[in-house]
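Enquirer: Starting off with a structure, shown below.
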Amino acid sequence: MARRSQLTIAGIPVRVEPTFFVIIALLGVNPLDPEPLFIGTWIAIAFVSVLVHELGHAVAFRIYGIRPSITLHGFGGLTAGNGALSPARRIVVSLTGPLSALAVLGLPALWLDRSGVLSSVEARTIVSQVVWINIGWSLLNLLPILPLDGGRVFAAVADLLTGGRGRRVAEVFSVALAAVLGIWAFRSGLVLGVVLAAMFAAMNLSSRARARSDELAAQLQDAHRLLLAHRLEDAEEVVQRVLASRPAGDTLAWAVELGAWARLWRGDPAGADLVLRRGAPTAVPSHCYRAAEALAAGRTDEGVALMAWALANEPPGPAKSLGAVAAAGSGQAMAVARELLLIGPQGVQAAGLLRQLLEHAGYRAEALSVGQLLARL
Ligand SMILES: [Zn+2]
C-alpha cells in the first residue's frame, strides 16, 4: 500500500520517515561536545541539503516526462520515478542530485567560509556544517559504488559500453571498491567508513546473487520449453550451460532433472539415471519423472498409477507438463486420465489440467479424448 506523502514541493510528493532524523541526529552528535544549538542546526541543514539533492534528481526526472516522488529515510534520500530511461538520461538524473547540492549550497557556503566575512564562531560553525554536508557528502556520493549516485553513473556508462550488461559490471566493481575502501577505513580507524563499506559490499553481493539466480531460472525455462518442443539436444545443451555455472539447491536439482528428462526421451534410461545420480545425488526427482521412467521402461501399470498420483498430488510445477507429454508419448494419456477420475474431485481437477497440458504441448487428439471423458461425468 502506498503511504501518503507528507508534503509537496513544486508538485513533487515528499515523504519523510522518522528514521531520517534519528540517523542524522546520531551522525551529528559529537560525544565530546554535545552542543544543542549545533545539533539543531546540523539536523536542519542536513534536512534542507538532502532535500535539495533529491529535488535535483526529481527535476531531471520531470524534464524527461517522468513523475518523481521523494522519500527521506534512514540512509538519506531516494527519488523514484515510474518509467525507464536511456543510459544517457540516467547519467543526467544521477548527476543532478549531487551537483544541485554542490551548486546551490556547497560552493556558496565554501566561498562564504573562505571569504573571511564571518566573524562569529557560531556563524562559522554553521557554515562549515553546510560545507561538510554539501561538499563532503556530495563527493562521497559520487564514488562509483552502487547504490550511490556515482555507482548509478558508472552502471549507465558501463551499459553504454557493454550493450546492456552495465548493472552486472557495476555491481562487481562496487564490491571490489567497497572492499578496498573498507580496508583503508579500517586501517585509518574510520568506524563509520568500515560499516558503510561492508553494507555496500553486502548489498551488491546479494543483488548479484539474485540476478544470477534469475538468469539461471530463465535458462531452465528455456530448457523446459525446448523439451516440450522435443528439441532434446538443444535442451541438453542449455542444461549443460546452467550446470557449468555451478548452481546449488533447487536450481541444481531442477537442472539435473531436466537433463535426465532429455536423456530419457532420447531413449537412454541408463544415461538418465546416471545424470541424476551424478548431478544431484541427494535430490529427489519429481514423481512425474519417476512415472515417465516407469512408462519408458515398459512398466505401464506402475507408470500410469504413479503419473496419476503425481498429477493430482504434486505441487504445481513445470514437471507436470513434461509428465503429460510422457503419458501421451507412451500412448497412456487416456489410461492416466481414467486413473485420475478414480481419485475423486482432486483427480477430476487434475484430469482437467492434463487436458490443458496436452493441448498446450500439441497433443490435440489426446486432449480432445480426455475432454470427452470429462464431459461424460
Ligand atoms: Zn542522489
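Enquirer: Quick one: would you say SER100 is assigned by TED's automatic domain parsing to the domain that holds SER128, within 11 Å of the ligand (Cβ to nearest atom) and of a type in the set (S, T, N, Q)?
Expert: Details: assigned by TED's automatic domain parsing to the domain that holds SER128: yes; within 11 Å of the ligand (Cβ to nearest atom): yes; of a type in the set (S, T, N, Q): yes.
Yes; evaluated as a whole, the condition is true for this residue.
Enquirer: Does THR19 fit the bill of being in contact with a strand residue (DSSP E or B) (Cβ under 7 Å, 6 or more places away or on another chain), of a type in the set (Val, Ile, Thr), assigned by TED's automatic domain parsing to the domain that holds ALA123 and within 12 Å of the ligand (Cβ to nearest atom)? First the steps, then the outcome.
Expert: On the way: in contact with a strand residue (DSSP E or B) (Cβ under 7 Å, 6 or more places away or on another chain): yes; of a type in the set (Val, Ile, Thr): yes; assigned by TED's automatic domain parsing to the domain that holds ALA123: yes; within 12 Å of the ligand (Cβ to nearest atom): no.
For THR19, the condition - in contact with a strand residue (DSSP E or B) (Cβ under 7 Å, 6 or more places away or on another chain), of a type in the set (Val, Ile, Thr), assigned by TED's automatic domain parsing to the domain that holds ALA123 and within 12 Å of the ligand (Cβ to nearest atom) - is not met.
Enquirer: Are any residues in region 113-139 away from the ligand (no atom under 11 Å from the Cβ), open to solvent by 60 Å² or more (accessible area, probe 1.4 Å) and in a helix (DSSP H, G or I), and if so, which ones?
Expert: Hits for region 113-139 are ARG114, VAL121, GLU122, ARG124, TRP132, LEU139.
Enquirer: Hey, among the residues in region 47-89 that are hydroxyl-bearing (Ser, Thr, Tyr) and over 22 Å from the mean Cα position of the chain (by Cα), which one's farthest from the ligand (Cβ to nearest atom)? Walk me through how you get there before you give the answer.
Expert: Step one: filter region 47-89 for residues hydroxyl-bearing (Ser, Thr, Tyr), giving 49, 64, 69, 71, 79, 86.
This time we only want the ones that are over 22 Å from the mean Cα position of the chain (by Cα), so: 49, 64.
Working: SER49: 11, TYR64: 16 Å.
Step by step, filter region 47-89, then rank; the result is TYR64.
Enquirer: Only residues that are open to solvent by 60 Å² or more (accessible area, probe 1.4 Å) and either aliphatic (A, V, I, L, M) or more than 17 Å from the chain's Cα centre (by Cα) (or both): list them for region 210-233, please.
Expert: From region 210-233, those open to solvent by 60 Å² or more (accessible area, probe 1.4 Å) are 210, 212, 214-215, 221-222, 225, 229-231, 233; that's our starting set.
Result: GLN221, ASP222, ARG225, ALA229, HIS230, ARG231, GLU233.
Enquirer: What are the residue pairs meeting all of these: first residue in region 87-98, first residue more than 13 Å from VAL157 (Cα to Cα), second residue part of a helix (DSSP H, G or I) and open to solvent by 60 Å² or more (accessible area, probe 1.4 Å), Cβ atoms under 7 Å, and 6 or more apart or on different chains?
Expert: Listed pairs, sorted by first residue: THR96/VAL59.
Enquirer: Right, next: Given the condition assigned to a loop (DSSP other than H, G, I, E, B), open to solvent by 40 Å² or more (accessible area, probe 1.4 Å) and assigned by TED's automatic domain parsing to the domain that holds LEU295, answer yes or no: does some residue in region 345-360 qualify?
Expert: Step one: list which residues in region 345-360 are assigned to a loop (DSSP other than H, G, I, E, B), which gives none.
The answer is no; no qualifying residue exists.
Enquirer: Can I ask one more? For the condition of a type outside the set (A, V, I, L, M) and over 16 Å from PRO68 (Cβ atoms), what is the one hit in ARG114, ARG90? First the steps, then the outcome.
Expert: Values: ARG90 fails: over 16 Å from PRO68 (Cβ atoms).
Result of the check over ARG114, ARG90: ARG114.
The values are calculated or read from the model by the stated rules, or taken from the named source; none is laboratory data. Not measured: the values here are computed from a predicted model. Using ideal geometry, Cβ is built from the backbone for each residue, glycine included, and neighbour counts are taken over all protein chains shown. For the accessible areas, the whole protein counts, side chains as well, though only heavy atoms, and no ligand, DNA or RNA atoms are used. Shrake-Rupley method; radii C 1.70, N 1.55, O 1.52, S 1.80 Å.
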